[in-house]
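Q: Below: one structure in structure tokens.
The values are calculated or read from the model by the stated rules, or taken from the named source; none is laboratory data. Since the structure is predicted, the reported quantities are computational estimates derived from the model, not experimental observations. Note that we place each Cβ from the backbone using ideal geometry, even for glycine, and neighbour counts take in every protein chain shown. Ligands, DNA and RNA are stripped out before the accessible areas are found, and what is left, the full protein with its side chains, is counted by its heavy atoms. Shrake-Rupley method; radii C 1.70, N 1.55, O 1.52, S 1.80 Å.
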Amino acid sequence: MKYFTKEFYISEFLSYASKTVKKRKRAAVADEQFFLEMYKKNCDLFLKNENLSDFYKDPVEQLNRIEQYINAPDISEEEKERRLFFKETFLALNEDRIKRGKVYKFDKELHERKFNEIYKQSLEYYSHLPAEILNKIADIRVFALGYASEGVKLLLRKYCKKLRRQLDKIIEEAFAETNKAEDLLSTRLELNDCDNLLITKMNKKDGDVYLSVDNKNWLIIKNANILEGADGIIHFCNLELPNCAESRIIAAELHRENDKFELHFLVGNYNEIEQVEFWYLTILGDDIQIVDD
């Protein structure tokens, strides 16, 4: 990657610290009790939100409750029409869930491990803050949970504002270079909008490299050579399963190199508890096309 490196991704995370970290007086000094309280509070909230996933709800029961909602007595025809529209929307969005009739049991222990893994990632990323900020943080564990003193918040605002300007400039340059290269392709791919898409398969056939993206489309890199990441592990993510391991595009960029196109992906491999391994996938080819799966 020329622009969107692993280091860029860490800087991107840090650039939002002034917005994600809240001011708390008790964060001004190291306090074990405060840390334990905030860890439990954040973990409990995380578990509550995770448990709201449709994976753990019975769609048939949900539909029955909607039917009761629609048939409630003493409602106007206008209100009934509105509730019927709500039902139609629910059916459209949950058709596959209703057909499968599969409801998964919420695994509290797994999600506690997931919370701890995400927390550990925050600890690691925040260790890359400048020394002048780190030295003012009373307890980095509390900071990673999202709490800081007023003094640290002031330092963060200045640091994040400056860092955000630097990163926005890099993004602007990267997008411009990718757009310029895309103009020379036989088909525009809109690679600048493909972050967070899943890669589910990669194979090579007749000199071309095929990438399955989001189980919907194939990117075909013509007359291709895999320069980096040929041995990268790609998880096939079944979107019908909860907590499924996945390979997700974190960022993409495209360059024109000596009459060839050089396609770069920063890929994140996530396991069932959100433990992540980043790797680069770089493919050189004559053209890139996209076809429906």
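Q: Taking LYS204, is it outside any loop (DSSP other than H, G, I, E, B) and modelled with pLDDT under 95?
A: yes
Q: If I ask for residues that are hydroxyl-bearing (Ser, Thr, Tyr) and within 21 Å of PHE13 (Cβ to Cβ), which ones from the range 154-203 would you list?
A: The answer is TYR159, and nothing else.
Q: Taking the range 183-234 as the search range and keeping residues that are without any contact (Cβ under 8 Å) to a residue 60 or more places away in the chain and polar (S, T, N, Q), which one is most open to solvent (accessible area, probe 1.4 Å)?
A: In this case the residue turns out to be ASN196.
Q: If you don't mind, another one. Would you confirm whether or not the range 118-126 contains a residue that is without any contact (Cβ under 8 Å) to a residue 24 or more places away in the chain, touching a helix residue (DSSP H, G or I) at 6+ places or on another chain (Cβ under 6 Å) and more than 24 Å from TYR270 (Cα to Cα)?
A: Scanning the range 118-126 turns up no residue that is without any contact (Cβ under 8 Å) to a residue 24 or more places away in the chain, touching a helix residue (DSSP H, G or I) at 6+ places or on another chain (Cβ under 6 Å) and more than 24 Å from TYR270 (Cα to Cα).
Q: Give me the residue from the range 47-84 that is among the polar types (S, T, N, Q) and open to solvent by 90 Å² or more (accessible area, probe 1.4 Å) and, out of that set, farthest from the chain's Cα centre (by Cα).
A: Applying the filter and picking the extreme gives ASN71.
Residue by residue, here is whether (1) part of a strand (DSSP E or B); (2) crowded, with 21+ Cβ neighbours inside 10 Å holds:
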position	(1), (2)
LEU254	yes, yes
PHE261	yes, yes
HIS264	yes, yes
ASN269	yes, no
GLU274	no, no
PHE278	yes, no
LEU281	yes, yes
LEU284	yes, no
ILE290	yes, no
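Q: If you don't mind, another one. I'd like to know if the range 162-182 contains one or more residues that are free of Cβ contacts under 8 Å to residues at least 24 places away in the same chain and closer than 19 Å to LEU219 by Cβ.
A: For the range 162-182, residues free of Cβ contacts under 8 Å to residues at least 24 places away in the same chain and closer than 19 Å to LEU219 by Cβ: present.
Q: Residue check, LYS23 against (1) out of contact with any Asp or Glu (no Cβ under 6 Å at 6 or more places or on another chain); (2) open to solvent by 100 Å² or more (accessible area, probe 1.4 Å), all met but one. Which one?
A: It fails just one condition, (1).
Q: Let me ask you something else. Within the range 1-58, which helices (runs of 4 or more DSSP H) (wholly inside it) include 1 or more residues that are under 30 Å from LYS102 (Cβ atoms)?
A: 32-50
Q: Would you please name the residue that is surrounded by the fewest Cβ atoms within 10 Å (Cβ to Cβ), looking only at residues in the range 99-141 that are of a type in the set (D, E, K, R) and not in a helix (DSSP H, G or I)?
A: Ranking the qualifying residues of the range 99-141, first place goes to LYS105.
Q: Based on this model, can you work out whether ALA245 counts as hydrophobic (A, V, I, L, M, F, W, C) and closer than 24 Å to ASP54 by Cβ?
A: Yes.
Q: I want to confirm something. Restricting to the range 86-98 and keeping residues that are out of contact with any helix residue (DSSP H, G or I) (no Cβ under 8 Å at 6 or more places or on another chain) and open to solvent by 70 Å² or more (accessible area, probe 1.4 Å), which single residue is nearest to ARG65 (Cα to Cα)?
A: By that ranking, first place goes to GLU88.
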